[in-house]
1. In degrees between 0 and 90, to the nearest 10, how far off the longest principal axis of the chain does helix 64-75 point, with axes built from Cα atoms?
2. Given charges of +1 on the Cβ of Lys and Arg and -1 on the Cβ of Asp and Glu, with all other atoms neutral, how large is the dipole of the chain about its Cα centre, in debye to the nearest 20?
3. If you keep only loop residues by DSSP, which GluC sites (Glu not before Pro) in region 1-92 have at most 12 other Cβ atoms within 10 Å of their Cβ?
4. Once the Cα atoms of helix 2-20 and of the chain are each reduced to a long axis, what angle between those two axes, in degrees from 0 to 90 to the nearest 10, is obtained?
5. Longest span of the chain, sites excluded, free of chymotrypsin sites (Phe, Trp or Tyr not before Pro) in DSSP loop with at most 15 other C-beta atoms within 10 Å?
6. Considering the Cα trace of the chain, what is its radius of gyration and what is Dmax, both in angstroms?
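Every number here is computed from the coordinates shown, using simple stated rules; none is lab data. The structure presented is a predicted model; accordingly, all values stated were derived computationally and were not measured. Neighbour counts run over all protein chains shown; Cβ positions are idealised from the backbone, glycine included.
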Amino acid sequence: MKWLTGLLVVLLLGLQYKLWIGEGSVAEVWQLRQALETQRAENEELRTRNAALDAEVTDLKTGLDAIEERARRDLGMIRRDEIFFQVVEQTGDAR
């Protein structure tokens, strides 16, 4: 009877080891859930960014307003009938 009790204790300890420390343990499952949540949040941010980029590409393909805005902002272009005013703020030393 003692060997049966010893065998059951060894089996119980083996199962507990696998549950708490071994492969597929509680700690590993918790860590994987945390990694999954982090990845989901990152994926959502990337989906939002991709949607904005997709909208911008569509706008650039179909509308002239977006092209004009980019030309003005990035290249400093103005129309022929416009007057360009450049406001230069003085630094603290020049005042």
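1. 90 degrees
2. 620 debye
3. Here the GluC sites (Glu not before Pro) that fit, given the DSSP loop and packing criteria, are Glu23, Glu82, Glu89.
4. Between helix and principal axis, roughly 0 degrees.
5. Free of exposed loop sites, the longest segment is 1-83.
6. 32.6, 104
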